[in-house]
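Reading through the structure tokens given below for one structure.
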Amino acid sequence: MHRNVRRGLIATLILAAPAVVQAQGAGGRLSKTTGLSLGASLTGASFSTAENGTTTTESGAGFQVEAMYGLNKRFSIGLEYARANIDAAEGLGQYALSHIGGVGRLFFRDDTKRARPYVEGVLLRREIASDIFDAFNVKARSIGGGLGGGVQIFAKPTVAFDVSGQYASGSFGDWTANGESFPFADMAATSFTFRVGARFLVR
């Protein structure tokens, strides 16, 4: 009797083993945020300035690329570059808004989850550039900070879709025309970027 019970238990365990392994895999790592990763996004951007109590907001579209390194499951650091063509108010053409900067990103939840929300802090060098009458290339630059957040949804541990937003502020100065400096008042401005893209783990 005891032998039959033992044989039955052994047979049951053998038959159940694949299901057990599959269940363990389902509870395993579904996302990975450590190591080097590269990302690319399409963006929608807005640029707001205030003058004499009136705020002007202009918008456009562009792209962003980034390289991040995950120090651990929760925290990553990296660099990002973004550029957007902004439609000026009152039909005055377009100008370019770009930035490059450092990023620190804090992830929530653990690597057994596909969806990984995060918040980020950034230090950015922003630039606006515009061609006026096809004769003058006018630029101004800003050093400032920003905050953002989003969620990465992992199709597999090394590939994720990324939806996020980032707010930045600072004063633009250092005005140049065709590379030559000229005096002009500093201009306080904020920008917001909405991003939809993908991230790929390199190693």
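The values are calculated or read from the model by the stated rules, or taken from the named source; none is laboratory data. Just so it is clear, the structure is predicted and the values come from calculations on it, not from any experiment. Cβ placement follows ideal geometry from the backbone for every residue including glycine, while neighbour counts extend to all protein chains displayed. Just the protein is used for accessible areas: all its heavy atoms, side chains included, with ligands, DNA and RNA removed. Shrake-Rupley method; radii C 1.70, N 1.55, O 1.52, S 1.80 Å.
Tabulated values for the structure
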item	result
Every residue from the stretch 99-132 that is part of a strand (DSSP E or B), basic (K, R) and either over 19 Å from G44 (Cβ atoms) or without any contact (Cβ under 8 Å) to a residue 24 or more places away in the chain (or both)	R105, R116, R125
Cβ pairs under 9 Å, 6+ apart, first in the stretch 135-150 and of a type in the set (D, E, K, R), second in a strand (DSSP E or B) and open to solvent by 60 Å² or more (accessible area, probe 1.4 Å)	K139/D174; R141/R125; R141/D174
Those residues of the stretch 169-187 which are more than 18 Å from the chain's Cα centre (by Cα), assigned to a strand (DSSP E or B) and free of Cβ contacts under 8 Å to residues at least 60 places away in the same chain, in sequence order	G170, S171, F172, G173, D174, W175, T176, A177, E180, S181
Any hit, the stretch 181-192, residues being on the phi > 0 side of the Ramachandran plot and open to solvent by 20 Å² or more (accessible area, probe 1.4 Å)	no
Meets criteria (in contact with an Asp or Glu (Cβ under 7 Å, 6 or more places away or on another chain), within 17 Å of G62 (Cβ to Cβ) and at pLDDT 95 or above) for G148	yes
Selection count where residues are closer than 20 Å to A185 by Cα and open to solvent by 50 Å² or more (accessible area, probe 1.4 Å), scope the stretch 48-74	8
From N137, N178, residue being among the polar types (S, T, N, Q), farther than 22 Å from L36 by Cα and either in contact with an Asp or Glu (Cβ under 9 Å, 6 or more places away or on another chain) or open to solvent by less than 60 Å² (accessible area, probe 1.4 Å) (or both)	N137
Given (1) open to solvent by 60 Å² or more (accessible area, probe 1.4 Å); (2) assigned to a strand (DSSP E or B), index of the condition Q166 fails	(1)
The stretch 34-44, residues that are polar (S, T, N, Q) and more than 22 Å from A82 (Cα to Cα)	T34
Matching option when the condition is open to solvent by 20 Å² or more (accessible area, probe 1.4 Å), of a type in the set (A, V, I, L, M, F, W, C) and in a strand (DSSP E or B), among A96, A155	A155
